[in-house]
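The values are calculated or read from the model by the stated rules, or taken from the named source; none is laboratory data. The structure presented is a predicted model; accordingly, all values stated were derived computationally and were not measured. Heads up, the Cβs are rebuilt from the backbone with ideal geometry, glycines too, and the neighbour counts pull from every protein chain shown.
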Amino acid sequence: MNDAEQILKLALTIAHQAGELLIDRPASWNLTVKSTAIDIATQMDHASEKLIVDAILAARPSDGIIGEEGANRTGTSGLTWVIDPVDGTVNYFYGLPGWSISIAVKDESGALVGVVHSPTTNSTWYASRGGGAFLNDVKIECNNPIELNRALLSTGFAYDVKTREEQLKIVNALVPQIRDMRRMGSAAVDLCNVATGLVDGYFETGLCEWDLAAGELIAREAGAIVETKSWHGLDLTVAAGAHLFSQLSRAIPQ
């Protein structure tokens, strides 16, 4: 087993441990407000991050960490773990399915391995750089080619209302041209759904590194193009198979 395989195995183990913790939802909530009043973290976000960080450092004390809830440390090994302990906190808070745990490990060349675990849908996606992408140990590929007028797209919305107003310009432009649109609630899962062919494409603004790192690698290893660029002063991420990606990029208003 090479280093990437060992790291992937560890990431999978830790993601499942975090899932076991999170699936037991608390009877009451302690909420922390973050960027806006509707951007929240629960005590379980913090508990999940602590579990993940403790498990990483027990196995690999020299690695760096970037965590959504602030568990950041500089490592000396050249590897950094990028973790979102609950991607889709609003889903989790309301008891809706589809939230996930996202764990990636990057080196100087970018993401090396990625794991997205969604306990409520019994779905675990994973990939290693150059090794393909998998859902529950079955190799996956994105849908390609897909025409824009037959495309099922997913998206998400920012916590800042003014940013949502900009995002709606994309929605309004695309809805008349596509099959339909879905809003799942977890960016990591959206990217993995592109990888699996459960949706044809995905777009969203304002994603952070922990939202993207694992899902982006999984989507790319499944054959999708994933690109983040500046749009109306925001970072816009678009993911799809090559044929649809070209059409979708042209259809987004400039």
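In contact (Cβ under 8 Å) with a residue 24 or more places away in the chain and either over 16 Å from SER186 (Cα atoms) or not β-branched (Val, Ile, Thr) (or both), is that true of GLY75? Full working, then the answer.
Working: in contact (Cβ under 8 Å) with a residue 24 or more places away in the chain: no; either over 16 Å from SER186 (Cα atoms) or not β-branched (Val, Ile, Thr) (or both): yes.
Taking the combined requirement at face value, the residue does not satisfy it.
Check ASP190, ASP180, ASP160 and return the single one that is closer than 28 Å to VAL113 by Cβ and charged (D, E, K, R). Give the steps one after another, and end with the answer.
Numbers: ASP180 fails: closer than 28 Å to VAL113 by Cβ; ASP160 fails: closer than 28 Å to VAL113 by Cβ.
Unique residue meeting the criteria: ASP190.
Considering only segment 132-230, give the strands (runs of 3 or more DSSP E) lying wholly within it that have at least 1 residues that are outside the structural domain of VAL33 (by TED's automatic domain parsing), in contact (Cβ under 8 Å) with a residue 24 or more places away in the chain and not polar (S, T, N, Q).
152-155, 180-182, 201-205
Considering PRO97, PRO85, which residue is in contact with a helix residue (DSSP H, G or I) (Cβ under 9 Å, 6 or more places away or on another chain), surrounded by 18 or more Cβ atoms within 10 Å (Cβ to Cβ) and either at pLDDT 95 or above or within 22 Å of GLY241 (Cβ to Cβ) (or both)? Let's see the steps before the verdict.
Working: PRO97 fails: surrounded by 18 or more Cβ atoms within 10 Å (Cβ to Cβ).
Only one candidate passes the filter, namely PRO85.
Right, ARG183: among the basic types (Lys, Arg), closer than 26 Å to GLY67 by Cα and modelled with pLDDT of 95 or more or not? Let's see the steps before the verdict.
Values: among the basic types (Lys, Arg): yes; closer than 26 Å to GLY67 by Cα: yes; modelled with pLDDT of 95 or more: yes.
Yes; evaluated as a whole, the condition is true for this residue.
Going by what's in this entry, would GLY197 be described as out of contact with any strand residue (DSSP E or B) (no Cβ under 7 Å at 6 or more places or on another chain), farther than 12 Å from TYR126 by Cα and surrounded by fewer than 20 Cβ atoms within 10 Å (Cβ to Cβ)?
On the way: out of contact with any strand residue (DSSP E or B) (no Cβ under 7 Å at 6 or more places or on another chain): yes; farther than 12 Å from TYR126 by Cα: yes; surrounded by fewer than 20 Cβ atoms within 10 Å (Cβ to Cβ): yes.
Judged against the criteria, GLY197 is a match.
GLY78: out of contact with any Lys or Arg (no Cβ under 6 Å at 6 or more places or on another chain) and on the phi > 0 side of the Ramachandran plot, yes or no? Spell out how you get there, then give the answer.
Numbers: out of contact with any Lys or Arg (no Cβ under 6 Å at 6 or more places or on another chain): yes; on the phi > 0 side of the Ramachandran plot: yes.
So GLY78 passes the test.
Among (1) at pLDDT below 95; (2) surrounded by fewer than 19 Cβ atoms within 10 Å (Cβ to Cβ), where does GLY78 come up short?
It fails just one condition, (1).
Given (1) in contact (Cβ under 8 Å) with a residue 40 or more places away in the chain; (2) under 16 Å from the mean Cα position of the chain (by Cα), identify the lone condition not met by ALA55.
Of the numbered conditions (1) in contact (Cβ under 8 Å) with a residue 40 or more places away in the chain; (2) under 16 Å from the mean Cα position of the chain (by Cα), the odd one out for ALA55 is (2).
When segment 231-254 is examined, which residues are found to be surrounded by 24 or more Cβ atoms within 10 Å (Cβ to Cβ) and assigned to a helix (DSSP H, G or I)?
LEU244, LEU248, listed by residue number.
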